[in-house]
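S.K.: Quick one: the structure is below, and I'll ask about it shortly.
Laboratory data are not the source of any read-out in this text; all were calculated from the coordinates shown. Everything numeric here is computed off the predicted structure, so don't read it as measured data. Here the Cβ is made from the backbone with ideal geometry for all residues, glycine too, and neighbour counts use every protein chain on show.
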Amino acid sequence: MEHGKIIGLGKNYQAHAEEMREILGNVERPVVFLKPPSALLHEPDPIRLPGYSHNVHHELELVVEVGTRCKEVAAAEAWPCIRGYRIGLDLTARDVQQEAKRNGWPWTLGKGFDTAAPISRLYRPEAVRGDIMNARMVLTVNDAVRQDASTADMTLAVPEVIEYLSGFFTLEPGDLIFTGTPAGVAQINPGDELVARIDALGEMTFRVEG
């Protein structure tokens with residue numbers, strides 16, 4: 001199906017917020033940004049690094065796909081809004097993002113390049129194995145573990161994320177919400193193989209081209 005908004009949530013894991021404080025500052029509430037649909041990438045297509053960046057980082061994330069139109073939804077009523085979940089990578093041109101931060105510019109060029117949003121297939125709620133809010137998430141690069149955490153570490157859990165975002169704008173069927181990344185983000189390079197896994201869902205694999 002066609003996807004609409006791709007919404008990113010920054011600083012939703014405390015450990016990652018601490019490792020990024022020098023870049024992003026001491027922000028008290030989650031940072032919200034958008035990626036264009038052209039950033040989406042599906043297996044087996046490769047990640048292509050943008051020519052205008054020399055430092056692209058991986059960020060492993062749980063992605064929520066919206067299934068119904070919702071606005072100003074309370075957290076307790078948010079679960080029926082969810083069509084399902086995907087494993088996602090929020091790829092970030094960190095040098096471009098740093099420049100934007102220094103100048104007070106939007107992050108769009110650092111977050112929205114082509115292939116900047118690799119995602120897995122959709123996992124419907126009934127296909128989730130165990131508790132989606134207590135699921136181990138691991139990213140390896142060339143078989144070396146880079147990120148290893150749990151969705152339980154989120155500052156805002158999935159229902160609270162929907163409540164928070166729907167308070168600002170209407171969420172619509174097909175919208176994708178990247179819910180934030182744990183600590184361990186690092187640079188990727190041509191030739192790297194990234195394997196992203198969320199135990200409650202499954203895994204996906206992407207290779208990096210220049």
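S.K.: Among bridges DSSP assigns within the chain, what percent are antiparallel (round to 5)? Can you show the working numbers first?
M.R.: Numbers: 39 of 47 bridges.
Here the antiparallel bridges make up roughly 85 percent for the chain.
S.K.: With equal scatterers on the alpha carbons only and no solvent term, can you work out the Debye log10 of I(q)/I(0) for segment 77-191 at 0.17 1/Å?
M.R.: Reported log10 I(q)/I(0), two decimals: -1.07.
S.K.: While we're looking at this one, here's another question. Looking only at Pro118, Pro173, Pro80, which one moves most when the chain is put into a Gaussian network model with springs between Cα atoms under 10 Å?
M.R.: Of Pro118, Pro173, Pro80, the most mobile in the Gaussian network model is Pro80.
S.K.: With 10 angstrom as the radius, rank Thr151, Thr115 by how many other C-beta atoms surround their C-beta, starting from the fewest.
M.R.: Working: Thr151 24, Thr115 21.
Going from least to most buried by this count: Thr115, Thr151.
S.K.: Same structure, new question: Kindly provide the chymotrypsin sites (Phe, Trp or Tyr not before Pro) of segment 91-180 that DSSP labels as loop, not H, G, I, E or B, and whose Cβ sees at most 15 other Cβ atoms within 10 Å.
M.R.: On the way: sites: Trp107, Phe113, Tyr123, Tyr164, Phe168, Phe169, Phe178; in loops: Trp107, Phe113, Phe168, Phe169.
Passing both the DSSP loop test and the Cβ count: Phe168, Phe169.
S.K.: Enter the per residue convex hull volume of segment 1-152, computed from alpha-carbon coordinates, in Å³ rounded to the nearest integer.
M.R.: Values: hull volume 22.1 nm³, N = 152.
Here the figure is 145 Å³ per residue.
S.K.: Lys111: which lysines have alpha carbons under 17 Å from its alpha carbon, excluding same-chain residues fewer than 8 sequence positions away?
M.R.: Partners found: Lys5, Lys11, Lys35, Lys101.
S.K.: Here's a follow-up. Could you compute the longest span of the chain free of GluC sites (Glu not before Pro) located in DSSP loops and having at most 14 other Cβ atoms within 10 Å, not counting the site residues? Write out the running numbers ahead of the final one.
M.R.: Values: sites that count: Glu2, Glu28, Glu72.
Counting at most 14 other Cβ atoms within 10 Å as exposed, the longest clean stretch of the chain is 73-210.
S.K.: Any idea what the dipole of segment 6-209 comes to, in debye rounded to 20, about its Cα centre with Lys/Arg Cβ at +1 and Asp/Glu Cβ at -1?
M.R.: Working: 20 positive and 29 negative charges, 60 e Å.
The calculation lands at about 280 debye.
S.K.: Using +1 on the beta carbon of Lys and Arg, -1 on that of Asp and Glu, and nothing else charged, what's the dipole of segment 108-210 about the Cα centre, debye to 20? Each step should come with its number before you reach the end.
M.R.: On the way: 8 positive and 15 negative charges, 22 e Å.
Here segment 108-210 has a charge dipole of around 100 debye.
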